[in-house]
Each structure stands twice: as C-alpha cells, then as structure tokens.
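Structure record follows, encoded as structure tokens.
The values are calculated or read from the model by the stated rules, or taken from the named source; none is laboratory data. This one's a predicted model, so the numbers in the text were calculated from it and none came from an experiment. As a convention, Cβ positions derive from the backbone with ideal geometry for all residues, glycine included, and neighbour counts pool all protein chains shown.
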Amino acid sequence: MGNRMLMRHRSAWVLVMTPVMALAGITMAASSQAAVMRPASQATVVASHAQSEVTPNPVNQLDCNGYSTKYKALNPGQKMRCTDPLSTRTVTYDGEKYIRGYRFTDNGHYIGHDEPSVKFISHAAGSGNTMTYLMKLPVDPKKQPTADGSVTDYNELSIAPWFGLPMCDPHSYPENPCKPDSDSNSGEIGNPKDAGSAFMELQLYPPGDAPFVDDVSCTSHQWCGALTIDSLESKFNFVGLNPACEEPTNFAFLQKNGVPTGPPAPQLADVATETPNAHTLLMNPGDVLKIAISDPAAGFTTRITDLTTGQSGYMVASAGNGFADTNYKTCAGIPHTFHAEYSTARQRNQVPWAALEGGVIMQQEIGHSEACNSVTNALGISETGFSDPDVYQTCMGGSEGKKAVGEGPCDASTGICQHSTTEGLKGPVACPSDSLASGDLCEFADAECFPKGNRVVMFDGVATKEHAAVAQCLDNFFQNGDLDWDGTSYQTYTWPNGSKDHPTAASYLGPFDAAGNPYPEIQYETDAPGSESLCDVTTGKDCVVKPLGSKFYPFWSLNNSQHLAGAHAPSGACVWNFGNVLPGVTTRTFGKDAEYGKSDIARYGGTDASKVFPNPAVNGNCPSFSI
C-alpha cells in the first residue's frame, strides 16, 4: 500500500461510470486539472456572473449517487458515503395544506441510507460551529473474518463512522442566502425562506479492504478520514432540481500537510481525489483521537490529532484548497469557502433537505456488507488508467444462507435483474419488479462484490496487489444498501459483544462545545425506515427499528468503566459505545433498538427519532466535566 500511495501523482486520469451504470465497468478519461482547483481569476468563465465559474469535467462528483443525466460518475459506488436526501409533498389535513418529507429519488432511483445517530443539543454560543470529540478506534480480531459471520472485522459492520454538521451554501437547496455561524438561518422543512444548506460529514474509514476508490478502506491495516460536504441543487420544494447534478459532493482526505490529494470540487474531482498519498493521515486500530471541528475565517476546518502517535491531519474547506459550490442551473463550479451554518446546536437548527435532520451528530453508516463463501457474475471495473477486473455482482452463501444464491446479476442493456429481493415480514421476499427503472426499494444485486484472497489492481499502468480476508459485497452499485436486511450489520452475533472473535466497539467521549463544556441534551435518530419497503412514510406504519424481517439492529450504549488513554477524563466518566451489549462493561442501553423512538411523520416518516432528553453521559452517575 505504501508504494501505491507514494506512486500516486495528481492523476491525469479520472474514473467514470455511465448514467445507466453499464456493466462493462468504469471508464477512464483524460483530465488536465491540477490537484487544487484553479483560482477564480484563472477559471473558465461559462456564464456572466459576479464570480467566475469553472466548467465541469465530463467525469466528476456532481452527482455522488452516480445517476447524473449528463456527467459520468467518478465512483458510482460512492453513493454509500453520500448524504440521504428527502423529497417533499404537499398534503392536506382538515382543510389545511402542509409540506411533508417523502422518499427522494435521483433520476428515478431511490436513494436511502442507514445511519443510526446521536444528536447533541445546546443553546450555548459556539456550540453549533465549534466542537471536540474524543474517540478510540475499534480493534479487529486476530482471527481472519469468516463467511458465516462468526468472526467479523469492523469494515463489515460500518463503512464510515462520521461526525455531522449543517453548512452554509447559498447555492444549495433552497438557493437562498445564508449567514455563517448564525441562528438567524432557518432549517424548517416547509419554510421557503430557509437558508441554503449543505451537509458536512467528517468520515472515518476502517481498514481491511483497499483500494478506497472502489472499496471501503485506505489501507489493509490503518484507518483514514475525509471531509465531505454534500449539497442539493434545486430551489424550494424541489423546483428546478437539476438532473445533471442533483447531489454534488466536495471530498478531501485529512492530510498531515493540509493539501488535498486531488481536486475536492465536485466539478473537478478525479481518481487522485479518492487516492491516499504519503501525506494522508493514517491511524492505527486502538488509537485514541482528538477530533476538533472549528470555523475560523480562513474556512471550515476539521482536524484529527492522534493522541496515541502524536500525528495530526487536517483539512480546510476553502476556495484556496479547491472547494466549490455549484450553480444549480448550469452545474458549473463556483470557488467557495465553506462555513458552519449555525451559532448554536438548538434542536431546530437543521438541514431542511436531509433525511437525518442534521445538527451536531455522531453516527455510524451501516448496511453495506454481506460476507460470502464466494462471489459470482462478473462486473469488472477495467479501463485505461485504472482497472479492477475481479469485481462481481452476486454473493454466494454466507449472509445469504449456507447454499443460497444472492441478488443479481443485472443486465445494463435491458435494466433487468435476477433474484432481486426486498423487505418481508419475516425476512427477504421477492422484489415486485425485476427492473432497475421501477424505483422499487429492492436489492437488485449485491454489487460491488470482491473475492477472498489476492487480486491485482492497476493504477496508471502500475500493478498493485490488494487482499480481501473474506469475500464481501457492498450493496452499493445498483441500489444503496442491504434492502432485504439480511447482511452482516443486521445479525445479532456480528457486532462488538466482548468476544475476541469480533472487533472492539467504537468508543466516544463528548462532544464538548467551543467553551469546552458538554452538550446538555441529546436525541437519538435513524433514517433506516426510509429504506424499508414496508414503511409508509406518510403515516409511519411499519416504519420501525429494528426493520421488519431483520434479526438485529445495533444501538448506542454507555458505560463508566472504560478509559480513553490521553483523554484526561475524570474517573468514572461515561463513555459511549456502539453495537451490542459488552458484558461486564455496558451499564445503560436505553431500551436497545427502542432508543430510536418513533416515526417522525410531522417532518419525514422515514426517520425515527426519540424525544429530546438530558444528556445521560453527563447526568446521574456520569460525572459532568469540561475539557
């Protein structure tokens, strides 16, 4: 991996995918863009605006879901790391009209995620733009993961623990001005005067399955992280939603020198953008991290300091670093320095277009792994500049059952898929349609799937050997997520439970606000129900957690016996964990999966949310403390 990272230059190659996601794979195309976006004075002007605009490359990240009608996707599997949008409908109750959230489709394709979260709430000045978390990274078992899930690695459970925050973006939904760091902004779903909002996620990626550009990991043994900012390109109530650039994404790894590996801007992103280099911050399993989020005048800043190794990496979301927002009419890039949207972390300070309400949240992205005995039905990603021919569509055995055949293949020329399934009352059932164009909430295929063992991946003609410890499918190519709810994330025995055959749990202290104080209130939420085909998001019927037909749903818990080395917390400080009960460690489970509350039909029935209540990590037998 080290050789590949050192070898990568500011690539002249870009990874692409046709809008219909042709099974021939990902196409490479030439690009002359430098690693950092050109300043506005040098940019190609495509329209008469006060700010110069940058012409999009044919291959880019203007729709991170991969369904643009005009541009080819840099990484069509990237949708698993995007923000989950919602749509809106006007409904009438007792003669009055109300705007309510509904499932979002990107050019006819349903987009959903499974993101169990804790939202932290505070009225303190600065709590909405400056915060610090402390986190201990999970450690995988010494044994190799198994197809039956009796031994698991963390990348099979969550492809990205992340920390979220609303951002100002006047060129994002609903295309209104936004005053940075101000509670004068509104994030109400039915308010046409909402400020233009984007959704920031500081994502961490577990080790095990590289390369990142078409898999889940930066390296086989170390963690990495990236700053991502997702926007939505339409006016209020989804008027004028641009089908060529519906959900553009800015993306940059956290770097020890702060310089992006490739262009972060949606219009210019290339393979180098999603390829770590020698300056990318890499972290070891078990390391304790200080995660600092701030909003200085130079631009919104995320920094991770590894308290175990002393290394640090950061990224500033500035125009000078190559970040840009998007003209919703033309998809052109506007060099932009991002800032946080709100001053405080009040419950109402939200992102109006996101399924998760947004705010100060910590989260785990789950539902993207099926362990398999083997994989079949070639998908093959192979073109000039990058190739990964050993990619497949269908999981055999493992999560599907000892001798079962999984979902797929899909035929791109017809859009017809075989063996597609969806949510049933007691487990997977046949999808009502075999067509990708149906918009049904179905698992049409298991792709992208990677075989166990070694495979050769080509970067600009240089062969690199990658290794997978177990055959695995990500459910991220023809739909987003494990929509029949039978994968590794939804098995009772796969999550951290104190066994040496499973990883240790992710552990957290905080967050602490700008003054170093804890947040006084919290709210649990998850957008999993939006991906459940049996969930009626208008009434909340069957919008339940755990999902119908699944065996298990992971939850947030507390204990006051763990210690995060270097965190300087007082004895007995309560630590958050995610997963399952840790025998002899866990002290409070909050009803396990019942903690996520009920369908929030007043806003969007596809999200379940608890009531707001005092932060249990700093109340009762959990001592409150500041940093």
Inset, instruction - Identify the single condition in (1) outside any strand (DSSP E or B); (2) crowded, with 24+ Cβ neighbours inside 10 Å; (3) touching a helix residue (DSSP H, G or I) at 6+ places or on another chain (Cβ under 8 Å) that Leu441 does not satisfy, given that it satisfies every other one. - result: (2)
Inset, instruction - Could you check, for the range 274-286, whether at least one of its residues is closer than 30 Å to Ser343 by Cβ, in contact (Cβ under 8 Å) with a residue 60 or more places away in the chain, in contact with a strand residue (DSSP E or B) (Cβ under 7 Å, 6 or more places away or on another chain) and of a type in the set (Val, Ile, Thr)? - result: no
Inset, instruction - Mind listing just one residue for me: the one in the range 366-380 that is of a type outside the set (Gly, Ala, Ser) and buried (at least 23 other Cβ atoms within 10 Å of the Cβ) and, of those, farthest from Arg455 (Cα to Cα)? - result: Ile366
Legend entry - Scope the range 299-347; condition of a type in the set (S, T, N, Q), within 30 Å of Asp287 (Cβ to Cβ) and touching a Pro at 6+ places or on another chain (Cβ under 7 Å); matching residues: Asn321
Inset, instruction - State which residue pairs qualify: first residue under 21 Å from Tyr93 (Cα atoms) and inside the range 598-627, second residue among the polar types (S, T, N, Q) and surrounded by fewer than 20 Cβ atoms within 10 Å (Cβ to Cβ) in any location, beta carbons under 8 Å apart, and separation of 6 or more residues or different chains. - result: Ile601/Thr538; Ile601/Thr539; Gly605/Thr538; Gly605/Thr539
Inset, instruction - Go over the candidates Ser557, Ser550 one by one and state the one that is under 26 Å from Ala124 (Cα atoms) and within 26 Å of the chain's Cα centre (by Cα). - result: Ser557
Legend entry - Filter result (over 21 Å from the mean Cα position of the chain (by Cα), among the charged types (D, E, K, R) and either surrounded by 23 or more Cβ atoms within 10 Å (Cβ to Cβ) or over 20 Å from Glu357 (Cβ atoms) (or both)) within the range 498-534: Lys500, Asp501, Asp513
Inset, instruction - Please work out if Val456 is in a loop (DSSP other than H, G, I, E, B), under 26 Å from Gly66 (Cβ atoms) and among the aliphatic types (A, V, I, L, M). - result: no
Legend entry - Lone unmet requirement of (1) over 20 Å from Asp215 (Cα atoms); (2) touching a residue at least 40 places away in the same chain (Cβ under 8 Å); (3) aliphatic (A, V, I, L, M); (4) surrounded by fewer than 22 Cβ atoms within 10 Å (Cβ to Cβ) for Ile416: (2)
Inset, instruction - Could you please find all residues in the range 225-253 being surrounded by fewer than 24 Cβ atoms within 10 Å (Cβ to Cβ) and either part of a loop (DSSP other than H, G, I, E, B) or touching a Pro at 6+ places or on another chain (Cβ under 7 Å) (or both)? - result: Ser234, Lys235, Phe236, Val239, Gly240, Leu241, Asn242, Pro243, Ala244
Inset, instruction - Test Leu474 against the stated conditions and say whether it is more than 18 Å from Ile159 (Cβ to Cβ), modelled with pLDDT of 95 or more and of a type outside the set (D, E, K, R). - result: no
Legend entry - Enumeration of residues in the range 528-547 that are among the aliphatic types (A, V, I, L, M) and in contact with an Asp or Glu (Cβ under 6 Å, 6 or more places away or on another chain): Ala528, Leu534, Val545
Legend entry - Residue that is surrounded by the most Cβ atoms within 10 Å (Cβ to Cβ), among those in the range 538-572 that are at pLDDT below 95 and of a type in the set (Val, Ile, Thr): Thr538
Inset, instruction - Could you check, for the range 480-491, whether at least one of its residues is in a loop (DSSP other than H, G, I, E, B), within 22 Å of Cys535 (Cα to Cα) and hydroxyl-bearing (Ser, Thr, Tyr)? - result: no
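Can you pull out the residues in the range 378-413 that are part of a helix (DSSP H, G or I) and either of a type outside the set (D, E, K, R) or without any contact (Cβ under 8 Å) to a residue 60 or more places away in the chain (or both)?
Scanning the range 378-413 gives Gly398, Ser399.
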Legend entry - Total residues in the range 280-294, condition assigned to a strand (DSSP E or B) and not polar (S, T, N, Q): 7
Legend entry - Residues of the range 392-413 satisfying the condition of being surrounded by 24 or more Cβ atoms within 10 Å (Cβ to Cβ) and either under 17 Å from Ser489 (Cβ atoms) or at pLDDT below 95 (or both): Cys395, Gly398, Ser399, Glu400, Gly406, Glu407
Inset, instruction - Could you figure out which of (1) part of a loop (DSSP other than H, G, I, E, B); (2) modelled with pLDDT of 95 or more; (3) surrounded by 19 or more Cβ atoms within 10 Å (Cβ to Cβ) isn't true of Val213? - result: (2)
Inset, instruction - Can you run down the residue pairs with Cβ atoms below 8 Å, 6 or more apart or on separate chains, where the first is in the range 295-308 and closer than 26 Å to Gly566 by Cα and part of a loop (DSSP other than H, G, I, E, B) and the partner is of a type in the set (D, E, K, R) and modelled with pLDDT of 95 or more? - result: Asp295/Asp181; Leu307/Asp287; Leu307/Lys290; Thr308/Asp287
Inset, instruction - Report, by residue number, each residue of the range 58-84 that is charged (D, E, K, R), over 22 Å from Gly415 (Cα atoms) and in a loop (DSSP other than H, G, I, E, B). - result: Asp84
Inset, instruction - With the condition kept exactly as written, say whether any residue in the range 316-324 is at pLDDT 95 or above, of a type in the set (Gly, Ala, Ser), under 22 Å from the mean Cα position of the chain (by Cα) and assigned to a strand (DSSP E or B). - result: yes
